[in-house]
1. Being more than 16 Å from Ala198 (Cα to Cα) and either of a type in the set (Gly, Ala, Ser) or modelled with pLDDT of 95 or more (or both) narrows it down to one residue among Cys110, Cys79, Cys22; which is it?
2. Starting from residues that are without any contact (Cβ under 8 Å) to a residue 40 or more places away in the chain and among the aromatic types (Phe, Trp, Tyr), keep the ones in segment 116-155 and report whichever is nearest to Met310 (Cα to Cα).
3. What number goes with the only condition from (1) within 17 Å of the chain's Cα centre (by Cα); (2) in a loop (DSSP other than H, G, I, E, B); (3) more than 28 Å from Val279 (Cα to Cα) that Ile136 does not pass?
4. Picking from Tyr315, Tyr322, which residue would you name as being surrounded by 20 or more Cβ atoms within 10 Å (Cβ to Cβ), assigned by TED's automatic domain parsing to the domain that holds Ser248 and of a type in the set (Ser, Thr, Tyr)?
5. Could you say which residue among Asn325, Asn331 is farther than 25 Å from Tyr299 by Cα, at pLDDT 95 or above and not in a helix (DSSP H, G or I)?
6. Being more than 18 Å from Glu143 (Cα to Cα) and assigned to a helix (DSSP H, G or I) is the filter here, so list the residues in segment 296-322 that pass it.
7. For Phe131, state whether it is crowded, with 18+ Cβ neighbours inside 10 Å and under 15 Å from the mean Cα position of the chain (by Cα).
8. Determine if segment 226-236 includes at least one residue that is outside any helix (DSSP H, G or I) and touching a residue at least 24 places away in the same chain (Cβ under 8 Å).
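The values are calculated or read from the model by the stated rules, or taken from the named source; none is laboratory data. None of the values given here were measured: they were computed from a predicted structure. Cβ placement follows ideal geometry from the backbone for every residue including glycine, while neighbour counts extend to all protein chains displayed.
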Amino acid sequence: MAVEKAYKVTIKVRFDKNGYLCSMKGFFEHTSKRFAVIGSGSWATALVKILLRTQARISWFVRDEEVIQNIMVYRRNPCYLQSARLDSERLDMSADINKVVREADVLIFCIPSVFFEAEISSLSASLENKFVITAIKGMVPDENVTVTEYFHHRYNIPYDNLGVVSGPCHAEEVAMERLSYLTLTCKRNEVAQAIARAFTCNFIRTETSTDIYGVEYAMILKNIYALMAGVCHSLGYGDNFLAVLITSAYREMKEFLDKTHPCKTRETGRSSFLGDLLVTSYSQFSRNRTFGGMLGKGYSVRAAQLEMDMVAEGYYGTHGIYEVNKKHKVNMPIAEAAYNILYEKGNPAVVVRQLTEKLCR
């Protein structure tokens, strides 16, 4: 498919003594910066499909050589999102993460959080002079930090060089080219706007934000609440109750964000907050809702994990938020109910019944 846009103008940028960008203004505007996607799951595949609409070439880290060969021949990812057709002639794929990192300017990490540390443990290529974007919708297990926090503290990457891409956007609808919206979040709005252009095509609209903390934690929390929506649905609770549950989840999310990291410009009614919460809680494509639904039907946590062929980030996010909230002590009855079911072996029916008494107080 033809590339819809191209940007080719020489620019000037300055770097500090550590090699990081002093000023991001102009770094993305009207340039041919090389984008790379790190990861090969369904969301990573969807992002590659989007970027192929606006970029001449894309670098792509795919850890399995056999999968690479399959994509080259059949132009589809044989493991995830098989319905998405990919122009393999414009893909520079490699099973060597260091090769992909070295040849790209903008790195989009899209690895399930549970595998994140193990995958990048082999990363030896420098991240200096790179702009790092996370599309990971979970926390780094054991560390109990977001991915941007991890890159900032572990690799000393300044927040000026970090960004987040979020929904509401399910990979399956991207594959079908149904109109969807993405939010590009960076510390500086002009940078977010410049990156957003690389993701904007005929079936993707974009908006921007500078609230890295808020957007990234909202991505984690909405998975927890969607998981609980699935539990409640399978237990026989109807649409009336689910409306109350999700409304309460929205209030709970807002209170957590406002107490842990106040931000005067935060608009939680935007699509990257409320919209992402709604689609993840209601959509047939939501793996977290599906995972919760299995628990509500009587599956054990382990059995539900084995049954699914994709990672439900809400499982790991529940533990991470529980640990983070030990410090802040925000009242979070829905997140606590999820923790009870997932990690304390609470009976879903009993836990939800107790939760119903807390929602309207």
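1. On the way: Cys79 fails: either of a type in the set (Gly, Ala, Ser) or modelled with pLDDT of 95 or more (or both); Cys22 fails: either of a type in the set (Gly, Ala, Ser) or modelled with pLDDT of 95 or more (or both).
Testing whether each residue is more than 16 Å from Ala198 (Cα to Cα) and either of a type in the set (Gly, Ala, Ser) or modelled with pLDDT of 95 or more (or both) leaves just Cys110.
2. Phe116
3. Result: Ile136 passes all but (3).
4. Tyr315
5. Exactly one of Asn325, Asn331 is farther than 25 Å from Tyr299 by Cα, at pLDDT 95 or above and not in a helix (DSSP H, G or I), namely Asn331.
6. If the condition is that a residue be more than 18 Å from Glu143 (Cα to Cα) and assigned to a helix (DSSP H, G or I), then Gly296, Val301, Arg302, Ala303, Ala304, Gln305, Leu306, Glu307 are the ones that fit.
7. For Phe131, the condition - crowded, with 18+ Cβ neighbours inside 10 Å and under 15 Å from the mean Cα position of the chain (by Cα) - is not met.
8. First, pick out the residues of segment 226-236 that are outside any helix (DSSP H, G or I): 235-236.
With the extra rule that they be touching a residue at least 24 places away in the same chain (Cβ under 8 Å), the set shrinks to 235.
So far as segment 226-236 goes, yes, one or more of its residues are outside any helix (DSSP H, G or I) and touching a residue at least 24 places away in the same chain (Cβ under 8 Å).
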